[in-house]
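The next block holds one structure in the form of structure tokens; read it before the comments.
The values are calculated or read from the model by the stated rules, or taken from the named source; none is laboratory data. Not measured: the values here are computed from a predicted model. Glycine also receives a Cβ, built like all others from the backbone with ideal geometry; neighbour counts cover every protein chain displayed. Note: accessible area is taken over every heavy atom of the protein model, side chains too, but ligands, DNA and RNA are not part of it. Shrake-Rupley method; radii C 1.70, N 1.55, O 1.52, S 1.80 Å.
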Amino acid sequence: MLETLRSFSLIEWTGLSTGVVYVILSAQNRISCWYFGIVSCACIAYHDFFGGLNLYSDGVLQIFYIIMGIVGLIRWRAVNISFRANVFIHIYSIIGGVVLSVLYGYLMARYSDASFPMIDAFTTVFSIIATVFLVNRQLSAWIYFIVIDLVMTLLYYERGWELYALLYLIFTMVAVYASWKWWQLFRLNLNS
């Protein structure tokens with residue numbers, strides 16, 4: 001792994017470091033997180049498309065994250081942390097997410113040379129769902145991200161990109177922390 005770390009380029013280190021800062025700041029409910037997230041996603045997208053990973057769905061997802069980062073900058077100025085998403089929204093999100101993941105995974109398997117197309121499709125679809133929840137400051141976003149980040153950790157490790165696997169392992173730990181932290185902030189806002 002040390003040899004791999006030495007071989008990483010400036011853009012890879014930038015993606016890693018800004019990604020960690022993004023997740024830590026978002027866990028702390030700081031609007032500045034979005035600037036770091038945008039930079040990190042641009043770096044990851046570059047490697048998904050041009051770095052030999054062939055994770056096209058994740059590359060598209062990173063572009064979506066860049067757009068949502070801009071939306072997040074706007075939305076977080078107006079929205080407080082909430083627990084608005086009721087159980088039916090989650091049921092619909094999960095059922096719809098599974099259906100879209102299977103369809104998208106099938107298309108990627110059939111019409112591209114994507115690595116792990118079904119898993120890649122799953123993380124893409126559910127990351128979009130979780131990001132919409134996050135941009136709207138819904139606490140439940142972090143539960144989705146715990147699962148997604150664990151899967152991405154394994155996916156990047158399997159592809160031999162240990163640094164990004166480490167990044168997503170850190171994301172997983174921060175998502176656990178964030179769910180706890182946001183729950184506290186939500187309760188504090190509820191009582192004030």
Practice item. Could you give log10 I(q)/I(0) at q = 0.16, 0.25 Å⁻¹ for segment 74-169, computed by the Debye formula over C-alpha point scatterers of equal weight, without solvent? Key: -0.74, -1.21
Study note, to complete from the structure: Taking only the alpha-carbon positions of segment 1-141 as identical scatterers, the Debye log10 I(q)/I(0) at q = 0.10, 0.16 Å⁻¹ comes out as -0.38, -0.92
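Taking 0.36 nm per residue of separation and subtracting the Cα-Cα distance, what length does fully extending Ile70 through Leu103 add?
9.1 nm
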Study note, to complete from the structure: Using alpha carbon centers only, segment 37-74 is separated from segment 101-164 by a whole-angstrom value of 12
Study note, to complete from the structure: In whole percent, the fraction of accessible protein surface over the chain that belongs to carbon or sulfur atoms, probe radius 1.4 Å, stands at 71
Review point. Highest mean first, what order results for 171-178, 88-95 on Cβ atoms within 10 Å?
Key: 171-178, 88-95
Review point. Ordering Glu158, Glu12 by how much accessible area each has at a 1.4 Å probe, largest first, what is the list?
Key: Glu158, Glu12
Study note, to complete from the structure: So the compactness index of segment 140-192, its C-alpha Rg divided by 2.2 N^0.38 Å, takes the value 1.39
Review point. Gain in length, Leu188 to Arg159, computed as 0.36 nm per residue apart minus the alpha-carbon separation, to one decimal in nm?
Key: 6.2 nm
Review point. So between Asn86 and Arg110, what do we pick up on full extension, going 0.36 nm a residue minus the alpha carbon distance?
Key: 5.0 nm
Point to revise | Selection from Phe126, Gln138, Thr153 lying farthest towards where the dipole of segment 95-192 points positive, charges on Cβ | key: Gln138
Study note, to complete from the structure: Working note, segment 23-72: Cα radius of gyration (Å, one decimal) and Dmax (Å, whole number) are 11.5, 34
